[in-house]
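*Asks:* Got a structure for you, written out below as structure tokens; questions coming shortly.
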Amino acid sequence: MDNATRSERTKSAVIAAALAIIARDGAGRLTLDAIARESGVSKGGLLHQFPTKRAVLAALLEQQADHYDSFAQAFREAHGADYAEPALAAQIAAYREVMKGANSITSAILAAVAEDPTFLNPLQEREQQSLALIREQAADPEQALSRLYSAQGLALSTILGLCPLSADARERMFEHLLDESRWLNAPGDGRKSRQLPSR
């Protein structure tokens with residue numbers, strides 16, 4: 001195994017271990033010693049890749065963000081032709097995916113922010129880039145933003161344990177937000193829209 005492959009495996013093992021510790025024991029129990037035990041990586045190997053707990057949390061948050069960015073990209077590639085506003089649809093679908101993986105993403109975000117609120121800065125930059133594309137594609141930017149932040153609010157209230165709706169009800173709400181036929185057929189709006197097939 002070459003050094004690059006070994007390094008990537010070590011990073012993956014450390015991130016998985018950190019997420020497991022946070023989910024099982026809470027962010028307060030996350031230490032470099034605990035990560036080394038959980039991952040099976042030597043303390044020296046861990047410190048070589050991640051010299052501080054902050055570095056581990058930054059990598060954990062980046063991995064989660066990359067995962068959902070990749071999901072949104074794959075959604076656009078698979079379903080983009082079905083939508084008049086593909087960037088918005090992809091972001092709504094990504095928030096639905098965030099909701100389904102609530103425990104992992106909540107643990108990552110809350111642990112990172114508790115350590116240092118500036119961890120959110122890269123996420124805010126990604127959000128601005130996504131928002132710019134959504135505005136560019138939207139015939140009615142205010143309506144698009146209403147749909148976007150409805151999806152975000154539903155996802156966040158779910159991962160924080162605040163949403164009283166059942167899983168089925170939440171899924172129906174996301175289907176409603178994704179269904180352009182309910183949003184883009186107002187008088188004077190001549191664009192075609194399609195509904196994503198139920199999954």
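*Asks:* If R0 is 35 Å, what FRET efficiency do you get for residue 43 and residue 70 from their C-beta distance, rounded to 0.05?
*Replies:* 0.65
*Asks:* Evaluate the charge dipole of region 1-51 about its Cα centre and quote only its size in Debye, nearest 20, assuming +1 on the Cβ of each Lys and Arg and -1 on the Cβ of each Asp and Glu.
*Replies:* 60
*Asks:* Pull out the extension gain between residue 54 and residue 116, defined as 0.36 nm times the separation in residues minus the alpha carbon to alpha carbon distance; nm, one decimal.
*Replies:* Contour length minus Cα-Cα distance gives 21.5 nm.
*Asks:* Additional query: Quick one: if you stick a label point 7 Å off each Cα along the C-beta vector at residue 182 and residue 33, how many nm between them?
*Replies:* 5.3
*Asks:* Could you work out how far apart the two model spin labels at residue 7 and residue 172 are, taking each label as a point 7 Å from the Cα in the direction of the beta carbon, and quote it in nm?
*Replies:* 5.2
*Asks:* Picking from 92, 130, 70, whose Cα lies most toward the positive end of the charge dipole for region 35-149 (charges on Cβ: Lys, Arg +1; Asp, Glu -1)?
*Replies:* Value: 70.
*Asks:* Looking at the chain, how many pairs of lysines come closer than 28 Å at the Cα, when each pair is eight or more places apart or spans two chains?
*Replies:* 5
*Asks:* Based only on Cα atoms, what mean projected area does the convex hull of region 1-51 have, in nm²?
*Replies:* Reported value for the Cα convex hull: 3.2 nm².
*Asks:* Charges on Cβ only, +1 for Lys and Arg, -1 for Asp and Glu, centred on the Cα centroid of region 1-66; of 3, 44, 60, which one is farthest towards the dipole's positive end?
*Replies:* Towards the positive end, the residue furthest out is 44.
*Asks:* Taking the Cα atoms only, what angle lies between the long axis of helix 141-159 and the longest principal axis of the chain, rounded to 10 degrees?
*Replies:* Taking Cα atoms only, the helix is inclined about 40 degrees.
*Asks:* Taking one equal scatterer on every alpha-carbon of region 48-165, how large is log10 of I(q)/I(0) by Debye at q = 0.12, 0.18, 0.23 1/Å?
*Replies:* Debye curve over Cα of region 48-165, log10 I(q)/I(0) at q = 0.12, 0.18, 0.23 Å⁻¹: -0.47, -0.98, -1.37.
*Asks:* Moving to a separate point now. Which value, in Å³ per residue, describes the convex hull spanned by the Cα atoms of the chain?
*Replies:* Convex hull of Cα atoms, per residue: 141 Å³.
No value in this document is a laboratory result; all are computed from the given coordinates. As the structure is a computational prediction, the values presented were derived from the model and not from experiment. As a convention, Cβ positions derive from the backbone with ideal geometry for all residues, glycine included, and neighbour counts pool all protein chains shown.
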